[in-house]
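K.L.:
Below is a structure I'd like to ask you about.
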Amino acid sequence: MALNSYVYGQNVDEGLTCTSASDSYPGARIRFAQVCRFFQTPWLWNTRHCWYNYPYQPLTTDLHYYYILELSFYWSLMFSQFTDIKRKDFGIMFLHHLVCIFLITFSYVNNMARVGTLVLCLHDSADALLEAAKMANYAKFQKMCDLLFVMFAVVFITTRLGIFPLWVLNTTLFESWEIVGPYPSWWVFNLLLLLIQGLNCFWSYLIVKIACKAVSRGKAGKWNPLHVSKDDRSDIESSSDEEDSEPPGKNPHTATTTNGTSGTNGYLLTGSCSMDD
């Protein structure tokens, strides 16, 4: 549901932590496959079916396992963020994961699985494009990475700022009120959805800001949408930009021979020898 660290990217040499493509792409692929399965459900095409005969709606096996998959995924994000590098929006990400876990659990317990799957599928739709863009970045396919990031940005903003409020929030706020009527859990459920929508607006702003910043730099063929030198989420400087700033012909490593080996104790020096006083 969440934007799974679209600006978590660091240099390929530095690698990613818990949000790397190797960690999250299989989950995104499975979740995307589940999204495709819901094209056969009637409430996907007519959201009023989410509330007919509520709360006496049968919970099918595929809905059950889809909920288990999503809940386990967000629990993994909840714990893994504490082992990741602390970033400026750590509090916002923690809030998002907490809200998602509570929202998934709350909708399952209250048998709101139908509308819950709409929320989950809509927010999962852009994740596969993001992870594919990360893999293209690692493979150094820059044009493919740029194209996939643009596709991700379009899908993300369209689904979360357009379809989600006009389609999902419309049925949870108005159609449910008309068919079922307000009840105590109705207020809690919609409050959580509105909080998610606020976070969607925040991350959409970051995506647009990153894209505008990259275009304004004018680095044709060099800008990386998944890795800016000092992005809006991280205080860590990019080593790639430092390498770009090195004058031609300058060797960042000073050849120092120790026992016939360049470096100290057989390892290459990673810094300049001028550090010695």
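What follows is calculated from the coordinates using simple rules that are stated; it is not laboratory data. In this text the structure is predicted, and so the values were computed from the model without any measurement. Counting neighbours? That spans all protein chains shown, and the Cβs are built from the backbone with ideal geometry, glycine included.
K.L.:
Can you list the chymotrypsin sites (Phe, Trp or Tyr not before Pro) in segment 132-197 that are in a DSSP coil and have 14 or fewer other beta carbons within 10 angstrom?
P.N.:
Answer by residue number: Phe141.
K.L.:
Let's test the formula: R0 of 41 Å, r as the Cβ-Cβ distance of Trp167 and Ala139. What FRET efficiency results, to the nearest 0.05?
P.N.:
0.70
K.L.:
Right, here's the next one. Does a label point 7 Å from the Cα of Leu69, set along Cα-to-beta-carbon, have any residues of segment 110-144 with amide nitrogen under 11 Å, and which are they?
P.N.:
121
K.L.:
So if R0 is 41 Å, what FRET efficiency would Ala211 and Tyr56 give, r being the distance between their Cβ atoms, rounded to the nearest 0.05?
P.N.:
Rounded to the nearest 0.05, the efficiency is 0.30.
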